[in-house]
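Asks: Take this structure, written in structure tokens, and hold onto it; I'll ask about it next.
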Amino acid sequence: MIGYLENDREQMRYDEYLKAGYPIGSGVAEGACRHLVKDRMEQTGMRWTASGARAMLHLRTTYLNDPWDDFIEDRIEREQTRLYGNDAA
């Protein structure tokens, strides 16, 4: 423990971080994980495969970060190209 503190002392300027308004605890990250992952993935009766969970989290992240309209537009274009070839555009 002492070695960790001595080696990483430069990164532990909590007084400066607090003055700058940076969060120094894990609460912000834990809250984001709960909002992004747990609230969606742990609803009653849900079971997920790893690939299905990964796909859902990618979609949820896209939706929550607000590029949803761009995503949908791109998805429609790709699906039309897949189904009808390049002439669909």
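The values are calculated or read from the model by the stated rules, or taken from the named source; none is laboratory data. None of the values given here were measured: they were computed from a predicted structure. Cβ atoms come from the backbone with ideal geometry, glycine included; neighbour counts cover every protein chain shown. When the accessible area is computed, the model is the full protein with side chains, heavy atoms only, and any ligands, DNA or RNA have been set aside. Shrake-Rupley method; radii C 1.70, N 1.55, O 1.52, S 1.80 Å.
Asks: What pairs can you find where one residue is in the stretch 68-82 and over 19 Å from M56 (Cβ atoms), the other is open to solvent by 80 Å² or more (accessible area, probe 1.4 Å) and not in a helix (DSSP H, G or I), and their Cβ atoms are less than 8 Å apart, with a gap of 6+ or different chains?
Replies: Every condition considered, the pairs that remain are E77/A89; Q80/A89; T81/A89.
Asks: I would also like to ask the following. Scan the stretch 63-76 and give yes if some residue there is at pLDDT 85 or above, in contact with a Ser or Thr (Cβ under 8 Å, 6 or more places away or on another chain) and aromatic (F, W, Y), otherwise no.
Replies: Within the stretch 63-76 (the criterion being at pLDDT 85 or above, in contact with a Ser or Thr (Cβ under 8 Å, 6 or more places away or on another chain) and aromatic (F, W, Y)), the answer is yes, since at least one residue qualifies.
Asks: For the stretch 54-67, name all the residues that are open to solvent by less than 100 Å² (accessible area, probe 1.4 Å) and under 19 Å from D39 (Cα atoms). Break it down stepwise before answering.
Replies: Initial filter on the stretch 54-67 (open to solvent by less than 100 Å² (accessible area, probe 1.4 Å)): 55-57, 59-62, 64, 67.
Selection gives A55, M56, L57, L59, R60, T61, T62, L64.
Asks: Specify which of the listed residues (Y63, Y22, Y4) is within 14 Å of the chain's Cα centre (by Cα) and aromatic (F, W, Y).
Replies: Numbers: Y22 fails: within 14 Å of the chain's Cα centre (by Cα); Y4 fails: within 14 Å of the chain's Cα centre (by Cα).
Criteria check complete, one pass: Y63.
Asks: Another question, if that's okay. Determine whether L5 is surrounded by 10 or more Cβ atoms within 10 Å (Cβ to Cβ) and not acidic (D, E). Break it down stepwise before answering.
Replies: Working: surrounded by 10 or more Cβ atoms within 10 Å (Cβ to Cβ): no; not acidic (D, E): yes.
So L5 fails the test.
Asks: Now, a different point. For the stretch 54-89, enumerate the residues that are assigned to a loop (DSSP other than H, G, I, E, B) and polar (S, T, N, Q). Don't jump to the end; show me each part of the working.
Replies: To start, the set of residues in the stretch 54-89 that are assigned to a loop (DSSP other than H, G, I, E, B) comprises 65-67, 85, 89.
Hit for the stretch 54-89 is N65, nothing else.
Asks: Another question, then. Within the stretch 39-53, does at least one residue satisfy the condition of being assigned to a helix (DSSP H, G or I) and open to solvent by 90 Å² or more (accessible area, probe 1.4 Å)? Spell out the reasoning first.
Replies: Restricting attention to the stretch 39-53, the residues satisfying the condition of being assigned to a helix (DSSP H, G or I) are 39-41, 50-53.
Okay, now just the ones that are also open to solvent by 90 Å² or more (accessible area, probe 1.4 Å), so none.
For the stretch 39-53, residues assigned to a helix (DSSP H, G or I) and open to solvent by 90 Å² or more (accessible area, probe 1.4 Å): absent.
Asks: Right, something else. Six or more apart or on different chains, Cβ atoms under 6 Å: show the pairs whose first residue is in the stretch 1-27 and outside any loop (DSSP other than H, G, I, E, B) and whose second is open to solvent by 60 Å² or more (accessible area, probe 1.4 Å).
Replies: Y14/I24; Y17/I24
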